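Right, one structure below, let's go through it.
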Amino acid sequence: MMESANQDVNLNSPNKGLGVDSLTDVPVGGATSNAASPVVPPGLTEEEAEELRTELTKVEEEIYTLRQVLSAKEKHSCELKRKLGLSPLNEFKQNVAKGWQDVQTSNAYKKTQETLTQASQKTSAALSTMGTAISKRLGDMRNSPTFKSFEDKVGNIKTDLQYKVVGARGNGEGVASPTETKPVQDNAPF
């Protein structure tokens, strides 16, 4: 078992889960390890099969070498980022800021923003016109004979009530104000 400290945690790495030092343990000639009893696939001659095995071995060796180079480059990249003070969070913030800037400069965003601005202006104008029309209509209603008659009746009722309340107090009767009432003792436990 490998120690977790040697685990390759880069999820984009071709060595996922492999320890960085464990690359030396990977057998290169996977297909040729069975060289004692080579099986010739149907349709191929012995020489063609051997040539394919040799080519496969070379390709696997190249893959192994490229993995080692990639691992060294990733380590070097991490070291440079550490020295520059770049953390994954800072990189993410920069990527988001760059992405947002790209979105804002895109034609689709500009057209959408322009359309929304126009819609907002038209809506504002329509609401203003509607508010003016409602105000005018309410003013017209207030000046109508029906409203004047209703207003007069309400005014008379209000005057009558004021007279009755003030008159009743003058006689010692009437409705007591809320400040004149005695507070009710509350025996609630809370």
Checked 104, 118 against criteria (under 23 Å from the mean Cα position of the chain (by Cα) and without any contact (Cβ under 8 Å) to a residue 40 or more places away in the chain); the one match is 104
Scan of the range 81-117 for residues that are loosely packed, with under 10 Cβ neighbours inside 10 Å and either in a helix (DSSP H, G or I) or modelled with pLDDT of 90 or more (or both), ordered by number:
83, 84, 88, 89, 105, 107, 108
Does the range 45-57 contain any residue that is in a helix (DSSP H, G or I) and at pLDDT below 50?
no
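The values are calculated or read from the model by the stated rules, or taken from the named source; none is laboratory data. All of these numbers come straight from a predicted model, not from anything done at the bench. Note that each Cβ is placed from the backbone with ideal geometry, even for glycine, and that neighbours are counted across all protein chains shown.
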